[in-house]
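See below for the structure under consideration.
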Amino acid sequence: MTLAPDEDLMLQVRDGAGEMLGVLFDRYQTPLFNFYSKLTGNRTLSEDLVQEVFLRILKYRQSYRPGTPFRAWIYQIARNSRIDHFRKFPRETAFEPEMLAPVFPTDSAQEQQEVELLERALQRLSEEKREILLLCRFQELKYKEIASLLGCELNTVRTRIHRALEDLRKAFHQIAQGKMLKKAEAPAAPRGGGHEV
Amino acid sequence: MKCEQIAELFREYLEESLNPDQRRDVEAHLKECANCSEEVVLWQKLSLLPVEQPSPRSRARFEAMLQAYQAGRSDQPGSSPEWNKRPASWNFVEWLRSPLGTLAYGVALLVIGLLAGLRVGSPKGSPSQELADMRSQLASMKQLVVLSMLQQQSAGARLEGVTWSTRDQQLDPKVLSALLHTLRYDPSVDVRLAALDALGRHSSQPQVRTTVVNALQDQQSPLMQVALIDQLVEWHEREAAPNLEKLRQSPNVNPTVRQHADWAIGKLN
């Protein structure tokens, strides 16, 4: 048995079979949630935005044209939902890493440490660069899809990814070095967590 | 080849979809260029980042949204071509948000009430069954309205949703669980406070008590913490003592909250 392609399901949703959206929700809620949570660091907001994406799909379902790759279409909606949200609530734009779920223990302590370093390096990138890496690496969008999503040329996408990766490498180095220095100075400092008022 | 050109091929390189010539070029460059070989390693490591799972509530919220939409659709003329030409009018949830929608909903309730009254008043037929049906339809309608309001972007609308939920003595399980979710996760403190207030009336439900006790650990806002403590003291909830103790000892807690927790511990013992 083969799974129905996203595009066929979306056409059914468009033609009135709203319940088929549930299948698409199951396929996309986790990737979308991760796209948002890695971009904003805020779980609650990320869940809200995922709901908003599906509400918009229902709302604009008539604008879905056969032949449009569904993945690219849904990410277009996802980007717009986020942009609209931050237009409404500009103060919330900052990354809020304390809201992130704790890193799950992985096989080795070293791997876990590297994951943590990488997450922190990613947070240091500008949002634009973080986004392009997430789209390309986690959401597995093709370069061509990213180009149409961001409204730029294919070559620009390649250049931007290259620059983002370069920044990531630098940030990773800085953090890793800082960590080594800290280790040399003091064994372990408690992690302070701020609290909202 | 330049670094930039090489970096463009990382993805295909790692997916092993390059042709042999390109592959040879990339490998030769990586041997010579430390930066690029670090970048390719980072690129690979990005896949190690953990995939986070959204909370299970997310699916339920989606279901409620879909149900509200489908309930709205059954009131519409159906999928006629005309229907397609009026994309703005089909969305029931959207429509309910507007003042007009609220008004229309009120009028609908009034009409249902009047009809039910007439039925009861009329001598013939067996009204009790129909009345019961109408009541249950009305209840599920209200439940839909509350659920959809609790999911609105605007904090004001969500606040209104919480207020709506307090109109019934008996809470529907779905509304209850939506309120509990609001209490824990709503981004606005005001909405969370209102949810706590609404839930205060349903202390007989064990879920409500447990969630409020646990919320002591999650909520960071001092306002919220104080309100939770007050509620727990009002219920004489002894189960809360360990969490109150934890809160009191937490290094980041606001001094007023700490004092309040002290007072509550005294009250509960």
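Using Cβ-Cβ distances only, list the Cys residues of chain B with no partner cysteine under 4.7 Å, sorted by number.
When partners are defined as cysteine Cβ atoms under 4.7 Å apart, chain B leaves B:Cys3 without one.
Listed here are the pairs A:Lys38/B:Lys45; A:Lys59/A:Lys142; A:Lys38/B:Lys246; A:Lys38/A:Lys88; A:Lys142/B:Lys45; B:Lys174/B:Lys246; which of them are more than 23 Å apart at the Cα? Don't skip to the end; give the middle numbers.
Working: A:Lys38/B:Lys45 15 Å; A:Lys59/A:Lys142 26 Å; A:Lys38/B:Lys246 30 Å; A:Lys38/A:Lys88 21 Å; A:Lys142/B:Lys45 19 Å; B:Lys174/B:Lys246 31 Å.
With Cα atoms farther than 23 Å apart: A:Lys59/A:Lys142; A:Lys38/B:Lys246; B:Lys174/B:Lys246.
Under a cut-off of 12 Å between alpha-carbon atoms, report the aspartates and glutamates in cross-link reach of B:Lys2, not counting same-chain residues fewer than 8 places apart.
Candidates past the 8-residue exclusion: B:Asp25, B:Glu32.
What is the fewest-to-most order of A:Ser37, A:Ser126 by other Cβ atoms lying within 10 Å of their Cβ? Please list the in-between numbers first.
Numbers: A:Ser37 22, A:Ser126 11.
In order of increasing Cβ crowding within 10 Å: A:Ser126, A:Ser37.
Note the angle between two axes, namely the Cα long axis of helix B:34-45 and the longest principal axis of the Cα atoms of chain B, as a number of degrees from 0 to 90, rounded to the nearest 10.
It is inclined by approximately 30 degrees.
Which aspartates and glutamates have a Cα lying under 17 Å from the Cα of B:Lys267, excluding residues fewer than 8 positions away in the same chain?
B:Asp230, B:Glu234, B:Glu237, B:Glu239, B:Glu245
Read-outs: derived from the displayed coordinates by stated rules, not from any lab. Treat the numbers as computed from the prediction; the structure is a model and nothing was measured. Backbone-built Cβ (ideal geometry, glycine too); neighbour counts: all protein chains shown.
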